[in-house]
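The values are calculated or read from the model by the stated rules, or taken from the named source; none is laboratory data. Here the structure is a predicted model, which means the values were calculated and not measured. All Cβ positions, glycine included, derive from the backbone under ideal geometry; neighbour counts span all protein chains shown.
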Amino acid sequence: MPHARPFAFAILLLLLGGCPGEAAAPAPDPATTDAPEDDAPDTEDNEPPPEAPTRGESTSRTVYIPAYSQLATNRGRQTRFAVTLSVRNVDPTATITLAHVDYYDTSGHRVRRYLRQPRTLRPLETAEYSVETLDEAGGSGANFLVYWEGPSDAHPLLTETVMIGHIGNGYASFTSRGVELERPPILDEPEDEPAAP
């Protein structure tokens, strides 16, 4: 078979990479190859822009916060609660001043003044004041008044009382949120009630 050898040679060339005189296809250049877009997250800062600083004139404001130092439970028994007042300056740029933090009983009589002098709260700072579990001065209708001063365009304070007490074989806790008064009460002069540190 005189033609078998050239035919076998042609097949061998095809298996080895092509025919004589045919250039091999160049490998793709990684630098010029179209690559899919990177799905990695944007590295730019996606946080919202900072709040503009407060510029309003200083104004006086007052917040009323309910508190419950004791409540009637089963069969008229009184359960006592420890109370924590949390006063939060939620404004990220304004510094405010607490003028007075006063504690009142169920009858509306002031029984304690917590500040001996004004206290400054920096942006996002929190102040806390407490009433001990065995302190019965407040009663079920106790409350706080927080007098404060700050720029007129500052965010209102966030004020809460947190009550916790022993009931039966366990504990109970609950919170109460303060409200800013539209018509602040007249700030009276200090009396002889005990002042808390």
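Some values worked out for this structure:
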| item | result |
| --- | --- |
| Residue satisfying all of: in the range 95-116; farther than 28 Å from Ser173 by Cα and modelled with pLDDT of 95 or more; surrounded by the most Cβ atoms within 10 Å (Cβ to Cβ) among these | Ile96 |
| Single residue of the range 68-85 satisfying the filter (touching a Leu at 6+ places or on another chain (Cβ under 8 Å), outside any loop (DSSP other than H, G, I, E, B) and in contact (Cβ under 8 Å) with a residue 60 or more places away in the chain) that is farthest from Trp148 (Cα to Cα) | Thr79 |
| Residue in the range 34-52 that is surrounded by 11 or more Cβ atoms within 10 Å (Cβ to Cβ) and modelled with pLDDT under 90 present | yes |
| Top-ranked residue in the range 87-106 [being of a type in the set (A, V, I, L, M) and part of a strand (DSSP E or B); ranked as nearest to Arg177 (Cα to Cα)] | Val87 |
| Contacts under 9 angstrom Cβ, first residue in the range 100-114 being closer than 17 Å to Val146 by Cβ, partner acidic (Asp, Glu) and part of a strand (DSSP E or B), 6 or more apart | Arg110/Asp102; Val111/Asp102; Arg112/Asp102; Arg113/Asp102; Tyr114/Asp102 |
| Complete set of residues in the range 107-156 that are among the basic types (Lys, Arg) and either in a loop (DSSP other than H, G, I, E, B) or in contact with a Gly (Cβ under 6 Å, 6 or more places away or on another chain) (or both) | Arg116, Arg122 |
| Pairs, first in contact (Cβ under 8 Å) with a residue 24 or more places away in the chain in the range 125-140, second assigned to a loop (DSSP other than H, G, I, E, B) and among the charged types (D, E, K, R), C-beta under 8 Å, six or more apart | Ala137/Asp105; Gly138/Asp105; Gly139/Asp105 |
| Residue satisfying condition, being at pLDDT 95 or above, β-branched (Val, Ile, Thr) and more than 19 Å from Leu181 (Cβ to Cβ), within set Thr84, Thr62, Thr73, Thr79 | Thr84 |
| Residue match in the range 166-189 (condition: among the polar types (S, T, N, Q), closer than 23 Å to Glu57 by Cα and modelled with pLDDT of 95 or more) | no |
| Hey, Ser140 within 16 Å of Leu85 (Cα to Cα) and either under 20 Å from the mean Cα position of the chain (by Cα) or modelled with pLDDT under 95 (or both) or not | yes |
| Residue check for Val83: surrounded by 19 or more Cβ atoms within 10 Å (Cβ to Cβ) and closer than 30 Å to Ala52 by Cβ | no |
| Residues being crowded, with 19+ Cβ neighbours inside 10 Å and closer than 20 Å to Leu181 by Cα - total across the range 128-153 | 8 |
